Amino acid sequence: MLVLLLILGGIAHAKEAAPAAEDPVVERRAMALAEELRCLVCQNQSLADSNAALAMDLKNQIRDKVKRGESDREIVDYLVARYGDFVLYRPPLKATTLILWFGPLILLATGLAVLFYRLARRRNTAEAELSEAERARAARLLEDGSEAGPR
Amino acid sequence: MNRFLIPLAIFGILVGFLFVGLGLNPREVPSPLIDKPAPHFELPQLHEPDKTFSQKDMLGKVWLLNVWASWCTACREEHPVVTELAKSGVAPVYGLNYKDRREDGLAWLRRFGDPYRLSAFDIQGTVGIDYGVYGVPETYVIDKRGVIRYKRIGPLTSDIVKQKILPLLDELNRA
């Protein structure tokens with residue numbers, strides 16, 4: 001049974017790959033689109049990379065639409081209407097994706113702010129910590145270095 | 001003390017996010033079809049190829065559309081649950097035989113039993129694409145106005161039926 005399925009799968013694959021060679025311009029556009037779309041069956045692959053049956057069907061749909069002269073936008077909208085934003089590797093900017101888009105920037109800005117705040121405070125405290133007596137002692141040391149002390 | 005507590009707190013939050021995030025099922029993609037009209041289709045029936053079935057035939061009824069195939073092992077797993085749900089008579093269950101061969105589909109129903117009022121036969125999988133099917137089995141609850149109200153990707157379990165589907169069907173049937 002498994003062997004039969006594998007053989008059938010092979011045949012189906014060969015058949016479905018056929019339109020690829022038909023028109024290089026169509027194929028290039030279709031593949032460029034498929035690179036940007038996620039295969040839902042095998043989620044870490046793009047539609048272009050995937051050989052899953054559904055990915056094959058969807059690539060054929062994309063080819064047909066490219067041939068019919070639909071714009072990239074129309075084709076992407078067609079897929080988003082069915083599978084949601086999840087098919088897009090580059091999600092659109094919407095209220096629900098604001099954190100996704102700007103979260104890292106906000107984190108970076110927060111980190112930098114904390115860093116600068118700490119550096120500034122450290123500099124201030126370092127300057128303020130020398131008391132009058134210490135200043136006098138530092139001056140003496142600098143002048144003649146005669147003060148005895150452990151070396 | 002603060003100097004250790006703050007990083008520890010941030011670390012704790014990160015662990016919390018990861019714990020929840022890694023526990024989520026990446027297969028459960030929210031469907032954009034929820035609360036949208038069920039896409040139009042007209043397909044030959046599995047048992048009687050001369051007759052067709054369309055989602056329009058079901059307007060005015062609350063019903064379930066269950067996408068299945070003979071090659072799908074998870075369909076076998078959910079089969080008893082679908083059968084029980086269909087027998088309960090709360091709502092009619094229709095099948096969408098997805099990317100299957102007619103004789104295989106019919107043989108599967110003969111072997112395990114046929115819970116469906118009828119099954120539509122989608123050999124090309126084009127209706128499946130319109131319904132955003134990507135992991136058979138999938139189940140849709142469609143209301144009287146022909147709007148998709150719920151979608152389950154993957155096998156139905158008796159827990160899901162009890163907690164999600166039956167209460168929703170009750171509510172929709174009363175509407």
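The values are calculated or read from the model by the stated rules, or taken from the named source; none is laboratory data. This one's a predicted model, so the numbers in the text were calculated from it and none came from an experiment. We place every Cβ from the backbone using ideal geometry, glycine too, and count neighbours over all the protein chains shown. These area figures cover heavy atoms from the full protein model, side chains too; ligands, DNA and RNA do not enter into them. Shrake-Rupley method; radii C 1.70, N 1.55, O 1.52, S 1.80 Å.
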Complete set of residues in the range B:147-167 that are surrounded by fewer than 17 Cβ atoms within 10 Å (Cβ to Cβ) and either farther than 22 Å from B:Cys75 by Cα or of a type in the set (A, V, I, L, M) (or both)
B:Val147, B:Leu166, B:Pro167
Out of the residues in the range A:101-127 meeting the condition of being open to solvent by 80 Å² or more (accessible area, probe 1.4 Å) and modelled with pLDDT under 85, tell me which one is nearest to B:Pro7 (Cα to Cα).
A:Arg122
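To keep it simple, each residue is scored yes or no on (1) surrounded by fewer than 16 Cβ atoms within 10 Å (Cβ to Cβ); (2) in a loop (DSSP other than H, G, I, E, B); (3) away from chain B (no Cβ under 14 Å).
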residue	(1), (2), (3)
A:Ala48	no, yes, yes
A:Leu54	no, no, no
A:Leu58	no, no, no
A:Val66	no, no, yes
A:Ile75	no, no, no
A:Arg82	no, no, no
A:Thr97	yes, no, no
If you go through the range B:128-159, how many residues are without any contact (Cβ under 8 Å) to a residue 12 or more places away in the chain and either closer than 15 Å to B:Asn66 by Cα or basic (Lys, Arg) (or both)?
1
Turns out the strands (runs of 3 or more DSSP E) fully within the range B:23-116 with at least 2 residues that are surrounded by fewer than 12 Cβ atoms within 10 Å (Cβ to Cβ) and out of contact with any strand residue (DSSP E or B) (no Cβ under 9 Å at 6 or more places or on another chain) are none
Among (1) in contact with an Asp or Glu (Cβ under 9 Å, 6 or more places away or on another chain); (2) open to solvent by 20 Å² or more (accessible area, probe 1.4 Å), B:Gly132 falls short only on (2)
Pick from B:Tyr94, B:Tyr134, B:Tyr140, B:Tyr98: which is within 14 Å of chain A (Cβ to nearest Cβ) and closer than 26 Å to B:Asn173 by Cα?
B:Tyr140
Do the conditions hold for B:Glu48, that is, is it closer than 22 Å to B:Leu166 by Cβ and more than 13 Å from the chain's Cα centre (by Cα)?
no
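Kindly indicate the residue of the range B:1-13 that is open to solvent by 100 Å² or more (accessible area, probe 1.4 Å) and more than 17 Å from A:Leu115 (Cα to Cα) and also nearest to the chain's Cα centre (by Cα) among those meeting that condition.
B:Ile13
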